[in-house]
1. From the residues in the range B:226-267 that are within 30 Å of B:Tyr366 (Cα to Cα) and touching a strand residue (DSSP E or B) at 6+ places or on another chain (Cβ under 8 Å), which one is nearest to the ligand (Cβ to nearest atom)?
2. Is it true that B:Asn259 is open to solvent by 50 Å² or more (accessible area, probe 1.4 Å) and of a type in the set (S, T, N, Q)?
3. Before we move on, is B:Glu605 more than 26 Å from the chain's Cα centre (by Cα), at pLDDT 95 or above and surrounded by fewer than 14 Cβ atoms within 10 Å (Cβ to Cβ)?
4. Kindly indicate whether B:Ser501 is away from every other protein chain (no Cβ under 14 Å), within 22 Å of B:Glu231 (Cβ to Cβ), open to solvent by less than 10 Å² (accessible area, probe 1.4 Å) and not aliphatic (A, V, I, L, M).
5. What residue, of B:Arg223, B:Arg238, is away from chain A (no Cβ under 14 Å), open to solvent by 30 Å² or more (accessible area, probe 1.4 Å) and at pLDDT 95 or above?
6. For B:Val23, work out the one condition from (1) in contact (Cβ under 8 Å) with a residue 40 or more places away in the chain; (2) in contact with a strand residue (DSSP E or B) (Cβ under 9 Å, 6 or more places away or on another chain) it doesn't fulfil.
7. So which residues in the range B:514-562 are more than 15 Å from B:Gln493 (Cα to Cα), part of a helix (DSSP H, G or I) and not aliphatic (A, V, I, L, M), if there are any at all?
8. Tally up the residues in the range B:506-517 that are within 14 Å of chain A (Cβ to nearest Cβ), open to solvent by less than 20 Å² (accessible area, probe 1.4 Å) and among the hydrophobic types (A, V, I, L, M, F, W, C), please.
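The values are calculated or read from the model by the stated rules, or taken from the named source; none is laboratory data. Owing to the predicted nature of the structure, the values given are computational and were not obtained by experimental measurement. Counting neighbours? That spans all protein chains shown, and the Cβs are built from the backbone with ideal geometry, glycine included. We work out accessible area using only protein heavy atoms, side chains counted, and drop any ligands, DNA or RNA first. Shrake-Rupley method; radii C 1.70, N 1.55, O 1.52, S 1.80 Å.
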Amino acid sequence: MVKKLMHQHNTKSISVKLHASLGQYKPIDADSLTFDMKISEEMTVLELLVLLSIPNEIIKMISLNDKLVKSTATLSDGDRLILFSTIAGG
Amino acid sequence: MGSGYWEKVLRVDLSTATVTEEVVPVDVWKKYLGGGGYGAKVLYDEVDEQTGALEEGNKLIFAPGPLQAAKQTGAAKFTVAAKSPITGIYGESAAGAGWGMALKSSGFDALIIQGAAAQPSYLVINDNSIEIRDAKKYWGLDAFDSSDQILADAGIDKASICTIGQAGENKVAIACIVVDKHSFAGRCGLGAVMGSKNLKAVLVKGSKKVPVHDQDKLTEINRDIGKTVHENTKDWLRIHGTPFVEIGCDSDGDTPTRNWQQAHWPEGAEKLGCPNYTDELKAKPHSCNSCVIGCHRDIEITEPAEYAMKGPGPEYESLGMLGNNCLMDDVKALSFMNDLCNRYGVDCISMGSFLGFTMDCLEKGYMSPDDIGGRNLQWGDKDNMIALIHDLCNVKPGFGELFVNGIVPAATKLGDKALELAPHVKGLDLPAHDPRAFFSLALNYATGSVGPHHERGNPQVATAGFLLPEAGVDSVVDRFEMENSEFVAAKYQDYGTLTQSVCHCKFMLFGGYSMSVMLESLNAITGWGWSMEDMLQAAERIFTLQRLVNVKYGVDRKDDTLPKVIFEPSVEGSRAGKCPHDFEAALDRYYDLRGWDENGIPKSEKITELGIS
Ligand code: SF4
């Protein structure tokens, strides 16, 4: 299921990039796999995944501001988040 | 205007110390492109089934392809081919760094080495000047030290060098060829073939501009694709290299664990994978020539002193095979082992396979410590792993003598139960991707030209959205789908064959380098005006020719198998209860799709259709 990005009372803005096969989870009002989102206070990556309807188990790596983090990481205003699913190459 | 080819191949006969230049017309390149396509052509025409891989009659073919005419991201690759001492069939491995581009710029499309030198020798190609030189003073040195010393002594500025370490000299069947001290033609034991020819190194310097059809167009493509690939890989493959995939592969049940007997090992993967790898090893990107990704790792370890090293860090394959497969989770110890393998010049994939298999055999009682020089190797036992790497590369009594010819001769000596446990196809050790996690790998491994290989093709990436729409793979593939796996496997094999023949890096696919860009580049270089169908047919032609080489060497359906463990589902992890099923029926469909008969032999109509002669 895809969601609209804008929610009332959301005060923080982050940039989200969905990698490769995650394209199907792109919100309907996003133009590309990289999009900005308004989020509420105290949101973790895990909560964001729920918001985007992305099953947690398919997310293999999470990059937050160029650092690899766990899904429990909290998002802050201006964060740059990249979500990766399986990449069984290499 | 040119065609990206010199129409010239250099043949060096080490037995007679003669060097000849042969004209190979563009018609041949139009059929077989270069790289593995040309290597297969030479083996098909010149090396018969009786010739042993380590005998003088075997040929070692170093071949770049047309794309080495482009200063393009991914175009640093070249291919080495020979009859393999591990499998006895078509052997091929690719490397990058600067060597392939240098050979192409020296005025040759390929180099064929035949015969064997009476004394240790090395070859120098400095544009048109070709010399066979004495390598006695370098024999016995590791691949890195010999590279440094030969380059320093040769007095040729900015040359590129392929070397073997002691493992190649000792004809260890898994010996590799080391290129510019950071890239490796790792698989199939081609370093042993080089050693059997008493050839320590090939140093190349090329300063000629390869003539191409449309340089302006090529420059435009190079610029645009460079930007695209950089943008798509800078956040992961550039920062972390292939170790980036370690944790994800483990969670998919893709990484071999405990000699393929365990489904996953999250706590180990966490220590071996990223970010720990990048932080602990202070890893930095290192690129092959012209590459915007730089997936190779430069690492440095200062403590503990016993693992101190500086140089290329382990790739995902090494992490999987020396780490997860052996339950060894110390990333610094693993990096040290990787460095030892690099310096001795052995394939880390097979090395990890031998060690994991040995641990399993010891635990199950199929082997005793006495069989390996009294070493009581345990799971994750890094001290003994290091000792056994030394033993193998120096062919010491025990482990060295047992495994010198590969896993099958070793397992055969140990008995039927050990043989059943050995993770190989056609004698080549499985790499670090499990067909139980990605079913299309089952047919890929069973029918691959060199045996099981994770890059020729790599159908597992279709599950992650790295597709080949031009070849008909235009939507994400379910990883547990057997039904259409023959199609997915065949298309990625053809793609792998193509990249090995035009000589391009398959990681560019992760950055958005499509087959359409490859075709555009090929046409700008050659002026052939090919359609996508022409290029796809060339790929199929080459793959079929490689099969014909193997058929000549005795391969048929009986060899297109998988180890028993691949048909044993795990009880835990994300692939619990899953394994490739109805394999023989899938193999029938695969043969049918390929135009091969029920015994896996290409039919004469197919051979004619593809114009193989
Ligand atoms: S991605 Fe890696 S292997 Fe490929 S060309 Fe670049 S550095 Fe070499």
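1. Checked the range B:226-267; the qualifying residue nearest to the ligand (Cβ to nearest atom) is B:Asp250.
2. Values: open to solvent by 50 Å² or more (accessible area, probe 1.4 Å): no; of a type in the set (S, T, N, Q): yes.
Judged against the criteria, B:Asn259 is not a match.
3. Details: more than 26 Å from the chain's Cα centre (by Cα): yes; at pLDDT 95 or above: yes; surrounded by fewer than 14 Cβ atoms within 10 Å (Cβ to Cβ): yes.
When the stated conditions are applied, B:Glu605 passes them.
4. Taking the combined requirement at face value, the residue does not satisfy it.
5. B:Arg223
6. B:Val23 satisfies every listed condition except (1).
7. The answer is B:Ser516, B:Glu520, B:Ser521, B:Asn523, B:Thr526, B:Glu533, B:Asp534, B:Asn550, B:Lys552, B:Arg557, B:Lys558, B:Asp559.
8. Within the range B:506-517, the subset within 14 Å of chain A (Cβ to nearest Cβ) is B:506-514.
Applying the additional criterion that residues be open to solvent by less than 20 Å² (accessible area, probe 1.4 Å) yields B:506, B:508-511, B:513.
Then drop every residue that is not among the hydrophobic types (A, V, I, L, M, F, W, C), which leaves B:508-510.
Matching residues across the range B:506-517 total 3.
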